[in-house]
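Here the structure is laid out as structure tokens; the discussion comes afterwards.
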Amino acid sequence: MSLDELYGEIILDHYKNPRNAGEMEDPSIKSQGFNQSCGDDITIFVRVDENGRISGIRFSGHGCAISQSSASMMTERMRGKTLEEAEEFISRMRKMLTGGGDFSELGEYDELSALRGVTKFPMRVKCASLAWTTLETGIEEFRGEGRANRT
Ligand code: FES
């Protein structure tokens with residue numbers, strides 16, 4: 001099997017059997033995002049523990065195979081990270097997806113490398129980025145609320 005075939009299978013597998021799909025009751029973060037180009041949407045639910053770490057993460061919504069598989073992989077990668085680590089990783093992903101970073105830093109056999117093919121197609125970049133940017137917005141809002149609550 002070629003690497004491209006492997007990447008295709010990874011995307012299909014996450015699309016058909018999404019990890020952490022569904023809603024979450026009483027999440028610390030709930031963030032909704034839209035892909036303006038196609039109207040598809042996603043909602044990300046996150047539970048943040050007392051140490052500022054992502055202890056649970058789920059997603060729901062509608063979208064193409066790229067957006068759904070990217071969301072599924074995103075949830076697996078984000079669980080256990082602190083919010084700072086999550087933000088740092090999201091910014092790396094954004095760079096890689098928009099062609100400003102190199103997927104090779106993840107390694108060929110990292111599942112997320114399956115998304116490297118989208119970088120050539122601006123419409124697909126939006127699909128692949130949707131879950132990540134929606135989580136990023138949710139974290140920013142969570143921090144904003146946290147600050148407001150402390151003052
Ligand atoms: Fe709508 Fe990909 S076509 S998210």
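To test your reading of the geometry: what angle, between 0 and 90 degrees and rounded to tens, separates the Cα axis of helix 83-97 from the longest principal axis of the chain? That helix lies at roughly 30 degrees to the long axis.
The dipole here belongs to the chain: it is taken about the Cα centre, uses +1 on the Cβ of Lys and Arg and -1 on the Cβ of Asp and Glu, and is about 300 debye. Residue-normalised convex hull volume from the C-alpha trace of the stretch 27-71: 67 Å³ per residue. Ordered by the number of other Cβ atoms lying within 10 Å of each residue's own Cβ, fewest first, Cys127, Cys64 fall into the sequence Cys64, Cys127. The alpha carbons of the chain occupy a box of 54, 29, 25 Å along the principal axes, longest dimension given first. Electrostatic bookkeeping for Phe89 treats Lys and Arg as +1 and Asp and Glu as -1; over the other residues with beta carbon under 14 Å from its beta carbon, the sum is -2. The helix-based estimate of mean residue ellipticity at 222 nm for the chain, built from -39,500 (n - 2.57) per DSSP H run of four or more residues and divided by its residue count, is -16000 deg cm²/dmol to the nearest 500. The 3J(HN,Hα) values that the Karplus relation (6.51, -1.76, 1.60; θ = phi - 60°) gives for the stretch 26-31 are, in residue order, 6, x, 6, 10, 9, 10 Hz. Gly and Pro appear as x.
For the chain, relative contact order (Cα pairs under 8 Å, six or more residues apart, normalised by length) works out to 27 percent. Projected label points at Glu140 and Met123, each 7 Å from Cα along the beta carbon direction, are separated by 2.7 nanometres.
Selection among Leu97, Leu12, Ile57 by position relative to the dipole of the chain gives Leu97 as farthest towards the positive end (Cβ unit charges, Cα centre). A protection proxy built from the mean count of other Cβ atoms within 10 Å ranks the segments 44-51, 17-24, 111-118, most packed first, as 111-118, 44-51, 17-24.
Taken together, the values in this text are just the output of simple stated rules run on the coordinates, not laboratory data. Fair warning: this is a prediction, and the values are worked out from it, not measured in the lab. No Cβ is skipped: glycine too gets one built from the backbone with ideal geometry, and neighbour counts run over all protein chains shown.
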